[in-house]
Amino acid sequence: MDKFIFINAVILIAAFLMLLFAFFLQTVNTKNKLYNKLFSYFLILSVFDISSLFTGKYIEVGLNFEVFRMTVSLLILPLFYLYIKAVCYSDFRLKPKHLLLALPFFTANLVLIPRFYLSSMVDIIYINEHFKKMFEIRFFYLLRELQYVFYMLAIFKILKKYKAIYSENHTNLNSSSYHWLFQMTVFFLVAHSFLVFRFFLTYTNYNLLLNWSHVIVSICALIISCWFVLKALRNPELFKSIDVYMIALNEEIESITFDEKPFDFQKSDEMTSQMDDVRTYILTNELYLEPSLTIRELSEQVAIPVRDLSLLINRHSNQHFFDFINEFRIEKAKQLIKDPANKKLTILEILYQVGFNSKSSFNTAFKKFTNQTPTAFRNKSL
């Protein structure tokens, strides 16, 4: 099969899958539609961007159209950034200030107006011969790379904060949304690195390698589009957001001045009494058996603000909420393992009974609090 036909067939399939997925995201009925819409716009612009690999072969497109399509790539990362924020933070809303994210796009187009958008036929001939050496194009490429570095750093910072807050306020660390976003970001990082390499190839005489790079790009586009669709099918309830106003506990503690005394936590007797009440309430109602228990839910039941409860647990037990609740679960697991009546219960059955939902997280927590594995503990107890 001719390489040109193969590349365009693969790109067309990938584009169709992405557009189909974008349509699904626009029409699916969910509680929070914002991140679905943002991701669908991201997919649509990505399709528009990769269409440069085949449209010129089928139809004659003007210089203005090609230049505009090139600058549209400056809107892709801002959309992905907003999508990341919308997934991570349940209270995230689009605001007028977010229009500033499109500033590189408008700047690039303003720079390109005089010699590109307003070019004559004579100018077009010159542009075709000196395209990559022109100041405007080099400015565009530099702007795009600077934008890419900025957004990658911003996105990884958001994901790091998301993971920290999620682990401090939830008892279940199986955050599929974090893994999905992290994997996707890393994939885009690798893909962009390849595209940069391919860009430098255009300035060399390695035409064969450059031609094969087109094949690799088209196959990657198809793989990622299939991955998006399969991910959506296998994980319909993919996202778990956190409160946009939450901050990590270490940031919370650093922000407290000496004069601030939430629930007077500096008074050790009162703090100990409140901590005892919280522990008693958790044990009496066996709240730790709930796999998806969050600090917000516990806060509502013990009538202590989330911020104060988080600080109370951290200051009194030197633990995050995740470890605090897991300690109750491990104690319950030890009781079940020691009980001769539960001799026939497997470790897997026990971990589900005490509130864990994965063997790896149970083994990690058990070893952390007992310095031995559940199996070793059972062997010594029998």
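FYI, it's all coordinate maths here, none of it is from the lab. Since we're looking at a predicted model, the values are computed, not measured. Backbone-built Cβ (ideal geometry, glycine too); neighbour counts: all protein chains shown.
Couple of notes before you dig in:
- Extension gain (nm, one decimal) between A191 and E327, 0.36 nm per residue minus Cα-Cα: 44.7 nm
- Residues whose amide H lies under 5 Å from that of F356, counting only those 5 or more places away or on a different chain, are absent; hydrogens are built 1.01 Å from N in the peptide plane.
- ³J(HN,Hα) computed for each position of region 357-374 - Karplus, 6.51 cos²θ - 1.76 cosθ + 1.60, integer Hz, glycine/proline x: 10, 8, 5, 5, 5, 5, 4, 5, 5, 4, 5, 5, 9, 10, 6, 7, 7, x
- Label-to-label distance for T346 and L19 is 4.8 nm, based on points extended 7 Å past Cα in the beta-carbon direction.
- Set K161/K368; K85/K161; K37/K157; K37/K95; K95/K160 screened for pairs whose C-alpha atoms are more than 20 Å apart: K161/K368; K37/K157; K95/K160
- Under 5 Å from the amide H of H320 lies no amide H of any residue 5 or more positions distant or on a separate chain, with H modelled from the backbone and absent for Pro and chain starts.
- Taking 0.36 nm per residue of sequence separation and removing the Cα-Cα distance, the Q183/N379 pair yields an extension gain of 66.6 nm.
- Between the beta carbons of H98 and R69, assuming R0 = 35 Å, the FRET efficiency works out to 0.95 to the nearest 0.05.
- At an R0 of 30 angstrom, the distance between the Cβ atoms of E297 and K33 translates into a FRET efficiency of 0.75.
- Integer Hz, Karplus 6.51/-1.76/1.60 couplings in order for region 154-159, x for Gly and Pro: 5, 5, 5, 5, 5, 5
- Our estimate of slack between L230 and K338, defined as 0.36 nm per intervening residue step minus the Cα-Cα distance, is 34.5 nm.
- Database remark: amide H of Y89 closer than 5 angstrom to the amide H of I242 (H placed geometrically; neighbours at sequence offset of 5 or more, or on other chains; Pro and chain starts carry no H).
- Rounded FRET efficiency, nearest 0.05, which uses the C-beta distance separating A9 from Q319 and R0 of 56 Å: 0.50
- Karplus-derived 3J(HN,Hα) values for region 77-84, using 6.51 cos²θ - 1.76 cosθ + 1.60 with θ = phi - 60°, are 5, x, 5, 5, 4, 5, 4, 4 Hz; glycine and proline are entered as x.
- Packing-based ranking, highest mean first, of 363-370, 270-277 given that Cβ atoms within 10 Å are counted: 363-370, 270-277
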